[in-house]
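Worksheet: one structure, shown below.
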Amino acid sequence: MYEDQVLGIIKKEPAFMASVDGQRPRIRPMKVFVDETGHLWLFSRFDSKKVSDLSVNPRVELGFMGEDSSVVTVFGQVKDATKPGTPQFRLVRDMMLNHVPEMKHYFSENEEDSIVLYQVIVHEINYMRPDRTVVSNINLPMTYNPEVEVTFCKGGFCLTDKDK
């Protein structure tokens, strides 16, 4: 129902990615690429600190703010999809270079060994519309996370760690 609005924001606006660096939360600006099937992709230089952080704890939350003050949050984990030289790696990298022009100043086309591609495995998407109504039943590619229990919360579904 709100998929077009959510995808419009994700494709247009920069994301702020929350991750964990040891015991410290980190927020980093990121540009997200959405492929033709609706899956989300991130990229980074291999020598970036965030790559080592994400190898220890792949859980992330992406936050976006639309021009109309709407907010999209995406909770999930990243999956390293880096296999330089493979046809899929080149395909995703080339699509990202074509659809995310900002990426071109980070990498030259021959630098595939220095690029890490992450697919975002989405567990939850929330969309807060300009009228401040929260929508959580967004019909985009999502994966059930067995480490997280889904419980009903005020305003929609929320996620609660089973460990706690």
For the range 2-154: accessible area per residue (Å², 1.4 Å): 55
With every protein chain in place, the range 20-137: carbon and sulfur % of accessible area (1.4 Å): 53
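Give me the percent of Cα-Cα pairs in the range 27-91 that sit more than 13 Å apart, rounded to a whole number.
73
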Restraint check, K83/K104; K11/K49; K50/K104, Cα-Cα greater than 23 Å: K11/K49
Gap separating the Cα centres of the range 24-71 and the range 83-100, nearest whole Å: 17
Hull shadow area, averaged, the range 1-147 [alpha-carbon convex hull, nm²]: 9.2
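The values are calculated or read from the model by the stated rules, or taken from the named source; none is laboratory data. Because the structure is a prediction, the values reported are computed rather than measured. Ligands, DNA and RNA are excluded from the accessible area calculation, which covers all protein heavy atoms including side chains. Shrake-Rupley method; radii C 1.70, N 1.55, O 1.52, S 1.80 Å.
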